[in-house]
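The next block holds one structure in the form of C-alpha cells; read it before the comments.
No lab work stands behind these numbers, since they all come straight from the coordinates. Computed from a predicted model, the values in this text were never measured in an experiment. For neighbour counting, all protein chains shown are included, and Cβ atoms are generated from backbone atoms with ideal geometry for every residue, glycine included.
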Amino acid sequence: MAEWWRGVPKLELHAHLNGSIRSSTLLELAKERSKKGDLVLSEVEGVILKDDRSLQECFKLFDLIHVLTTDHGTISRITKEVIEDFAAENVIYLELRTTPKKNEAVGMSKRSYVEAVLAGFKAVETVKAIHLPSDGNIQYPDEVTHKNSTSEGPRMQQIFVRLLLSIDRRESLDGAMETVQLALEMRNSGVVGIDLSGNPVVGEWQTFLPALTCARKQGLPITLHCGEVPNREEIQGMLEFRPERLGHVCCLEDLEWKTLKESDIPVEVCLTSNVRTECVTSIADHHFADLYRVKHPLILCTDDPGVFSTTISREYALAASCFDLTKTELFQLAKNAVNFIFADNKLKETLRLIMEEAECVFAGTK
Ligand code: IMP
Ligand code: ZN
C-alpha cells in the first residue's frame, strides 16, 4: 500500500528539517566527529539507531542532531537531501519548517542559518525544486530552467518548496521576535509562515504571544504545536488564538474538541509520530477517526520522518488500513491539503491542477 501511495502526488505541510535527516547522513556525521575526537561513536550510535523513542528521548536525539548539524555546509546538505527524499515520495509541495539557530563558534547567525537552508533548496539535483516566491508569478531561476531543458530528455519531476521558521519553546521572547523579524524580511525568499514547536513540557506558550501577534499583524500565517501533553490552559489559549493551522491536537478534553470542531482550524495529523511519542495510545484510538467523521479539515503529515523512520506514503497507507478508507476518500484528503498551504493563491491553483490531473489518472479515466 505504501508503494501505491508513493505514486500519488501529495503535499507535506508538517516536516521539521532536522527531524527529516537521513539516518545514514546522521551516522556519517557522527563518524566524522568521532574521528576528530569530538564525541565517542559507541555512545551516540545507540541514540541514533534506537527505533521506539519516547517524546523526551526524541528531544535528546534532536539535541544530538543539532550538535552534528552545526555548520552552514551541513545545513545546506541535509536540506538538499530532505527535499530530494520528499520528492522521491512524489511530494509536489513541501512546506519545510526549521528553527533558525545561532552558533557563534562557526560564525552562524539566525539569518545565515536560514540562508544555508535556502542554499540547500538551490542545491537540489534529482528534481526541479521551485523555491522562489510566487508573488503572482512563479519565477524560475536560470539554473533550474536550464536543468529542466527538455531537449535532453523527459521533463524533470518538480517539487514546490516553501519554508516556515519555527520558534523553539526554549527561546526567550527576544529570540522569538528575531525569528519573526527574519521571516518577514525573508518573505521574498520563500518563507511563508511561523511555527511554534519544541519540547511541550518546556516553557510557556504565552511567552511568545507578542511575537506571534506581531507575525499575524504583518499577515504571516501561523501554525502551533498543540496538545502534545495535557495542558488545559495552553490548549484553550491556543484554540482562542485561532492560528491558521494546528499540529497534533492529541490531549484535548470534550469542550476543547467541541471548540476545535467549531473553529474549522485545519489539523496537521502525524500518526506515527503521535503513537511513537505516546501522545496517543494507539493508531486505532487516534482522533483522526473522529475528526475525519465530522469532516474537520485534516492534513496527513510525517513530522519527523528521519526520527520516526516513516515516509509520507507510509502515513497514507497507515491511514487507509487503520481507518478503513478507500483510495478515493484518501485521495480527496490529499487533494484538500492544497486549501491549507501557506503559499499564495496562484500556487494553490497550480497545485489544484496537478492534483486534478492525477485524480483522472487514479480514477482510471486517463
Ligand atoms: P529543526 O527545527 O530543523 O532543528 O527540527 C528539529 C526541531 O523541531 C526540534 O528540536 C523541535 O524543536 C522541533 N520538533 C520536532 N518534532 C517535534 C515534535 O514532535 N514536537 C515538538 N517539537 C518538535
Ligand atoms: Zn512537529
Order of Y93, Y113 under a 10 Å beta carbon neighbour criterion, fewest first
Y113, Y93
Protection proxy ranking of 34-46, 305-317, 54-66 - average other beta-carbon atoms within 10 Å, highest first:
305-317, 54-66, 34-46
Before rounding to the nearest 500, sum -39500 (n - 2.57) across all DSSP H runs of length at least 4 in the chain and divide by the residue total; then give [θ] at 222 nm in deg cm²/dmol.
-14000 deg cm²/dmol
When each pair of different Cα atoms in the chain is counted once in the 1/r mean, what is the Kirkwood radius in angstroms, to one decimal?
20.9 Å
How large is log10 I(q)/I(0) at q = 0.13, 0.14 Å⁻¹ when the Debye formula is applied to the Cα atoms of the range 1-137, each weighted equally and without solvent?
-0.63, -0.73
Under a Cβ-Cβ cut-off of 9 Å, what is the net charge of the residues other than I222 that fall near it, where Lys and Arg count +1 and Asp and Glu count -1?
0
Whole-Hz Karplus couplings 3J(HN,Hα) for the range 290-303, θ = phi - 60° and coefficients 6.51, -1.76, 1.60, Gly and Pro as x, run 5, 5, 5, 4, 8, 6, 6, x, 10, 10, 7, 9, 9, 6
Under 5 Å between amide hydrogens, which residues at least 5 positions from N103 or on another chain qualify, with H placed 1.01 Å from N in the peptide plane?
M108, S109
Give the separation of the Cα centroids, the range 74-115 to the range 236-254, in Å.
27 Å
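Do any GluC sites (Glu not before Pro) in the range 166-216 lie in a loop, going by DSSP, with at most 13 other beta-carbon atoms within 10 Å of their beta carbon, and if so which?
Working: sites: E171, E178, E185, E204; in loops: E171, E204.
For GluC sites (Glu not before Pro) across the range 166-216 that sit outside H, G, I, E and B with at most 13 neighbouring Cβ atoms in 10 Å, the list reads E204.
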J(HN,Hα) series, the range 201-210, from Karplus relation 6.51 cos²θ - 1.76 cosθ + 1.60, nearest Hz, glycine and proline x
9, 10, x, 10, 5, 4, 3, 9, 3, x
Please list, ordered by chain and number, the residues whose modelled amide H lies under 5 Å from the amide H of L298; skip anything fewer than 5 residues away on the same chain.
V267
Given H placed on each backbone N at 1.01 Å, which residues far from S166 in sequence or on other chains put an amide H within less than 5 Å of it?
T98, T99, D195
Divide the volume of the convex hull of the Cα atoms of the range 178-226 by its number of residues and quote the answer in cubic angstrom per residue.
76 Å³
For C251, C270, C322, C360, ascending order of other Cβ atoms within 10 Å (fewest first) is C360, C322, C251, C270
